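Undergrad: Have a look at the structure that comes next, please.
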Amino acid sequence: MKLNCPYCNQTIELSATKAGDVQVVKNVVEPSMIKRELSENTITKLVNKTEVSDTPTATDIQDNTYINYLPDGSYWKDEHKKDLIVLHFTAGYNWQSAYSVFKKPNRVATPFVIDIKGPKYIVSLYEEKYWSYHLGIRGVECRNWINDKRSIGIEIVNIGPAWNKNGKWVDYVKKEWPEDQIVKGKNRDADGGVKFPDEQVQAVCELVNFLCNKWNIPRKVPKDKMSYQLPAIGSFKGIAAHQMFRQDKYDMGVAWPWDKMAEVCRLKEVDL
């Protein structure tokens with residue numbers, strides 16, 4: 001990076017790995033030509049002024065990604081421009097159970113699954129430039145699967161909704177959960193949802209930041225995150241949840257920390 005010196009009108013070459021971490025690599029001109037020495041604070045202010053942005057820096061997800069591609073026939077190898085990310089939960093306990101469903105030759109899948117534990121949380125199943133069925137929209141709003149084609153689905157390992165049965169919290173397979181693992185609140189007929197671990201939430205946010213930057217997806221999210229919202233959601237560009245497209249779906253529910261995600265990913269709430 002090169003900057004013009006405000007004191008001597010000469011060019012200074014800089015190396016800046018992040019705002020506030022600046023190193024002068026070399027002077028393009030001889031030192032004797034510089035009339036006044038630039039202080040480190042002055043250079044820092046110049047770099048901050050030119051480089052700081054409201055857009056989060058996208059972390060390279062490679063170190064946190066495990067590649068386990070689905071077999072051919074599990075998705076469509078047709079490339080489409082992406083302008084939407086749709087969050088799902090797997091309604092299961094590990095990423096392998098989702099993979100076992102997705103590998104069937106019915107082309108129902110998502111390109112990413114976020115595991116519930118590490119060491120690598122992001123599981124890549126196919127390149128997101130391709131597409132598969134993941135919304136299940138029926139009837140007139142299907143529109144030749146346009147919303148599946150333009151969106152990137154992210155499945156997050158989580159069993160999903162929970163019901164309070166005689167003082168005990170159970171999921172849909174009747175497994176009991178301690179109360180401190182439940183986020184209470186109505187979601188369809190459910191009384192709450194099973195919490196998402198902080199590390200898993202962070203991995204989702206890293207992936208969303210990466211995809212928003214890569215595909216220039218707007219950093220927007222509907223204010224109403226629980227309701228069925230077709231047809232309006234059918235033209236929305238940004239971050240959405242599966243239950244906005246289907247009246248019978250619970251994901252993402254009350255347990256997903258939208259406020260945390262909005263903070264980390266700089267999402268703006270909008271009315272549809």
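Undergrad: Once fully extended, how much extra length lies between Gln96 and Ser235, figured as 0.36 nm per residue of separation less the alpha-carbon to alpha-carbon distance?
TA: Taking Gln96 through Ser235 to full extension adds about 46.8 nm, to one decimal.
Undergrad: Continuing with this model, one more query. Given H placed 1.01 Å from N in the peptide plane, which residues other than close sequence neighbours of Lys129 have an amide H under 5 Å from its amide H?
TA: none
Undergrad: While we're here: Label Asn106 and Asn68 with points 7 Å out from Cα along Cα→Cβ: what is the distance between them in nm?
TA: 2.0 nm
Undergrad: Could you sort 126-138, 257-269, 166-178 so that the peptide with the highest average Cβ count within 10 Å comes first and the rest follow in order? Before the final figure, lay out each step's value.
TA: Working: 126-138: 17.9, 257-269: 15.4, 166-178: 12.1.
Listed from highest to lowest mean packing, they are 126-138, 257-269, 166-178.
Undergrad: Would you mind ranking Cys142, Cys212 so that the residue whose beta carbon has the fewest other beta carbons within 10 Å leads the list? Don't jump to the answer; show the numbers that get you there.
TA: Details: Cys142 14, Cys212 23.
Ordered by Cβ neighbours within 10 Å, fewest first: Cys142, Cys212.
Undergrad: Among the listed pairs Lys220/Lys260; Lys77/Lys195; Lys214/Lys237; Lys168/Lys225, which are separated by more than 24 Å between their Cα atoms?
TA: Violating the 24 Å limit, Cα to Cα: Lys77/Lys195; Lys168/Lys225.
Undergrad: Then there is this: If packing is taken as the mean number of other Cβ atoms within 10 Å per residue, what is the order of 241-249, 155-163, highest first?
TA: Peptide ranking by packing, descending: 155-163, 241-249.
Undergrad: Sketch the reach of a paramagnetic label on Lys184 as a point 7 Å from Cα along Cα-to-Cβ, and name the residues of the stretch 230-272 whose backbone nitrogen lies under 18 Å away.
TA: Hits in the stretch 230-272 for Lys184 at 18 Å: 254-256.
Here, each number is a calculation from the coordinates, and none is a lab measurement. Because the structure is predicted, anything quoted here is derived from the model rather than measured. As a convention, Cβ positions derive from the backbone with ideal geometry for all residues, glycine included, and neighbour counts pool all protein chains shown.
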